[in-house]
Amino acid sequence: FTTGSSRPQRMLKAVQKNATKGDPQSVISAIDYYCRHKEWAMNVGDEKGLILDSVLTEVNPSMALELGTYCGYSSVRIARLLSPNSKLITVEFNPAFAAIARQIIAYAGLQDKVTIVEGPSADLIPKMKERFGLKSFDFVFLDHWKDRYVPDTKLLEECGLLKKGTVLLADNVICPGAPEYLKYVRNNPRYESRYYKSYLEYTKAEDGLEKSVFLG
Ligand SMILES: Nc1ncnc2c1ncn2[C@@H]1O[C@H](Cn2cc(CNC(=O)c3cc([N+](=O)[O-])cc(O)c3O)nn2)[C@@H](O)[C@H]1O
Ligand SMILES: [Mg+2]
């Protein structure tokens with residue numbers, strides 16, 4: 001029953017119809033197929049997704065953070081590559097989107113590795129240590145509102161949630177663009193930054209990911 005449905009609800013339907021329960025790769029492929037051929041959506045997508053995969057494999061994080069869950073596409077991409085006792089915490093502001101993401105992550109069979117926290121990143125970041133008893137994150141994926149990239153990075157620093165070697169990976173630094181963030185991490189002695197050129201999801205427009213290693 002799709003009239004009056006939202007794009008995330010239609011994406012969930014496409015997963016339930018075309019993916020295999022408990023098979024994360026089939027969930028990723030079902031979403032990429034749907035968004036490329038039926039209805040565009042702001043998932044990191046398959047091309048930038050391969051860069052995300054390779055950075056994740058290199059970092060092999062024990063504790064990962066994602067800002068901006070949306071429908072859970074990148075949560076599935078990240079969680080499927082985590083080693084057994086590693087966890088992903090993903091922050092989502094919009095309860096309707098969080099509800100869809102929870103179902104997509106569960107369909108992939110990754111619910112035990114992913115914790116979705118609902119609310120604005122600015123409020124949730126300062127509560128991370130006490131809520132999850134964690135010391136710091138090894139990996140942070142930024143994919144939420146682009147004007148929150150800098151303030152939330154500064155907040156992560158101030159809350160002692162970054163340690164020497166923590167890797168920040170930011171989506172959309174070209175399109176829609178995060179110019180302030182690029183300035184911040186590229187001219188900052190506390191970060192070693194590198195740009196991975198790619199394409200805006202499901203399009204031929206340029207976009208890319210910025211990888212920044214926190215030097216402590
Ligand atoms: N401060 C925040 N705290 C928690 N959740 C947030 C916050 N800002 C946005 N979100 C959530 O991220 C999700 C997805 N989202 C991401 C953005 C920002 N990203 C983009 O706008 C975007 C836009 C394009 N695009 O226009 O081509 C492509 C992309 O890959 C993008 O990430 N806006 N909503 C939404 O569910 C929203 O509630
Ligand atoms: Mg994005």
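The values are calculated or read from the model by the stated rules, or taken from the named source; none is laboratory data. The structure displayed is predicted, hence computed values, not measured ones. Cβ: placed from backbone, ideal geometry, glycine included. Neighbour counts: every protein chain shown. Quick note on the areas: whole protein, heavy atoms, side chains included, nothing else; ligands and nucleic acids left out. Shrake-Rupley method; radii C 1.70, N 1.55, O 1.52, S 1.80 Å.
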The helix 45-59 Cα axis meets the longest alpha-carbon principal axis of the chain at an angle in degrees, between 0 and 90 and rounded to 10, of 40 degrees
For the range 50-132, shape from the Cα gyration tensor axes a ≥ b ≥ c, cut at a/c of 1.5 then a/b versus b/c, turns out oblate
In deg cm²/dmol, rounded to the nearest 500, the helical mean residue ellipticity at 222 nm of the chain, built from -39500 (n - 2.57) for every DSSP H run of length 4 or more, is -12000 deg cm²/dmol
Violations at 24 Å Cα threshold for listed pairs 21/113; 13/211; 21/211; 87/164; 13/38; 13/204 -> 13/211; 21/211; 13/204
For residue 129, counting only aspartates and glutamates whose alpha-carbon sits under 17 Å away and dropping same-chain residues fewer than eight positions off, the answer is 66, 118, 138, 152, 157, 158
Here, residue 85 and residue 192, labelled 7 Å along Cα→Cβ, have an inter-label distance in nm of 2.8 nm
Length-normalised contact order of the range 63-216, Cα under 8 Å, at least 6 apart, in percent, tallies to 20 percent
Rg (one decimal) and Dmax (whole number) from the Cα set of the chain, in Å, equal 16.3, 54
Quick shape check on the range 85-176: root eigenvalues a ≥ b ≥ c of the Cα gyration tensor, a/c under 1.5 is rounded, otherwise prolate if a/b tops b/c, else oblate, and it reads oblate
Taking a probe of 1.4 Å and leaving out DNA, RNA and ligands, the chain shows per residue an accessible area in Å² of 45 Å²
So the angle from the long Cα axis of helix 7-18 to the longest Cα principal axis of the chain, reported in degrees to the nearest 10, equals 60 degrees
Taking a ≥ b ≥ c as the square roots of the eigenvalues of the Cα gyration tensor, with a/c under 1.5 meaning rounded and otherwise prolate when a/b exceeds b/c and oblate if not, the range 1-73 is prolate
Under a Gaussian network model of the chain whose springs join Cα atoms within less than 10 Å, the largest fluctuation of 134, 65, 88 belongs to 134
Taking every DSSP bridge whose two residues both lie in the chain, the antiparallel percent to the nearest 5 is 40 percent
By the mean-Cβ-within-10 Å protection proxy, highest first, 104-115, 36-47 rank as 104-115, 36-47
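I'd like the carbon and sulfur percentage of the solvent accessible area for the chain, probe radius 1.4 Å, heavy atoms only, ligands and nucleic acids excluded. Please report the intermediate quantities before stating the final value.
Working: 5370 of 9820 Å².
Ligands and nucleic acids excluded, carbon and sulfur reach 55 percent.
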